[in-house]
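To keep things clear, I will list the structure first and then write my remarks on it.
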Amino acid sequence: MTQSTTPAPLRFLAIGECMAELAPGDSADQLRLGFAGDTFNTAFYLRQLLTEAEVRYFSRVGQDSLSDRMTTMMRAAGVDTTFVAADPKRSVGMYLISLKDGERSFSYWRDSSAARLLASDRGALDRAMEETGLIYFSGITLAILDAAGRATLLDAVAQARRAGRTIAFDSNLRPRLWAAAPEMTQTIMAAAQVSDIVLPSFDDEAVHFGDADPDATADRYLRAGAETVIVKNGAGPVHYRSGGGQGVVTPPVAQVVVDTTAAGDSFNAGFLAGRASGLPVDQAILSGARVAARVIGHKGALVPLT
């Protein structure tokens, strides 16, 4: 008799920067302090969606009270902080969200952010990646690093992929974080070359890569070496390529839009959780869209899903 086995829980590692967030409160002159950051947002939502998953964050913070509040929040959310290093000379970055008709803009203070040195310890990177099955990072993760840090991170990711880890990457193009546009686009494509799953957003890709349509975005990342490409497209159809197949998924339109912060990050969590649970690509895309629709109906980046 063949015995059934229970699959081991997903081990997920997100790499990047979590920041102090000042978000609009209930009145025009009120701000709420929270903590968020693109890759952490995805970790936060994935942990809620897959309660049995082992979710870790790889970053760097300070040794001050604000940093302590951040790591306390991470642990309260069920995210393991074993690989969040404490820097005695730096602190965490901060950003302010401004909203107009549900759309957000940001002001940043991050020059002294400890996360800018997150790739300074290659040994810690390797140890963190050895203990995981799915590794996730973004264009923002790369943008905050210097050239040496980017090279270190990409080499570590490439090594992990060769060792059988699955690599997921959101291009998350933020030109203000880069010295020049060519540096950004070249680094993004270098990251795609070491990734299994790429999760770009078409509106940004069209501006910075000149893609004519979402299919052009998907094809470009496939040529770079990705196996699965999911092209987010705002409220429009999501185009995908995966395993030699392709398709278009049109998610239901969100009924309430309060704050689009973390829309893409939460979509990524829903998609990755869906795939980890065995859903086919099109159903995982719908799962991601449902999570994003719930998130944008509330203020702030981190919203309880239950």
* To do: Identify all residues within region 239-260 that are touching a Phe, Trp or Tyr at 6+ places or on another chain (Cβ under 9 Å) and either polar (S, T, N, Q) or surrounded by 24 or more Cβ atoms within 10 Å (Cβ to Cβ) (or both); write none if there are none.
  => Q246
* To do: Working only within region 256-280, note down all residues that are over 22 Å from S138 (Cβ atoms) and either under 15 Å from the mean Cα position of the chain (by Cα) or hydrophobic (A, V, I, L, M, F, W, C) (or both).
  => V256, V257, V258, L279
* Asked: Restricting region 36-55 to residues that are among the charged types (D, E, K, R) and touching a Ser or Thr at 6+ places or on another chain (Cβ under 9 Å), which is farthest from R75 (Cα to Cα)?
  -> D38
* Scan region 119-146 for residues that are over 25 Å from S201 (Cβ atoms) and assigned to a helix (DSSP H, G or I) and report the count. => 9
* Structure fact -> Note on region 277-303: residues within 19 Å of G34 (Cβ to Cβ), in a helix (DSSP H, G or I) and not charged (D, E, K, R) are V291, A292, V295
* For Q283, are the conditions met, namely being modelled with pLDDT under 95 and either within 15 Å of the chain's Cα centre (by Cα) or surrounded by fewer than 21 Cβ atoms within 10 Å (Cβ to Cβ) (or both)? -> no
* Structure fact -> Filtering strands (runs of 3 or more DSSP E) wholly in region 1-111 for at least 1 residues that are among the hydroxyl-bearing types (S, T, Y), closer than 16 Å to L302 by Cβ and touching a residue at least 12 places away in the same chain (Cβ under 8 Å) gives 54-61, 94-100
* Asked: For region 200-238, which residues satisfy the criterion of being surrounded by 17 or more Cβ atoms within 10 Å (Cβ to Cβ), among the basic types (K, R) and more than 17 Å from F267 (Cα to Cα)?
  -> R220
* Residue check, R122 closer than 21 Å to A301 by Cβ, over 16 Å from the mean Cα position of the chain (by Cα), modelled with pLDDT of 95 or more and surrounded by fewer than 18 Cβ atoms within 10 Å (Cβ to Cβ) -> no
* Which condition number in (1) over 21 Å from L117 (Cα atoms); (2) of a type outside the set (D, E); (3) surrounded by fewer than 24 Cβ atoms within 10 Å (Cβ to Cβ) is the one that R69 fails? -> (1)
* To do: Evaluate the following for L286: is it among the aliphatic types (A, V, I, L, M), out of contact with any helix residue (DSSP H, G or I) (no Cβ under 7 Å at 6 or more places or on another chain) and farther than 24 Å from P24 by Cα?
  => yes
* Pick from G62, G34: which is crowded, with 16+ Cβ neighbours inside 10 Å, over 27 Å from A168 (Cβ atoms) and modelled with pLDDT of 90 or more? -> G62
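The values are calculated or read from the model by the stated rules, or taken from the named source; none is laboratory data. Please read these numbers as outputs of a predicted model, since none were measured by experiment. Cβ: placed from backbone, ideal geometry, glycine included. Neighbour counts: every protein chain shown.
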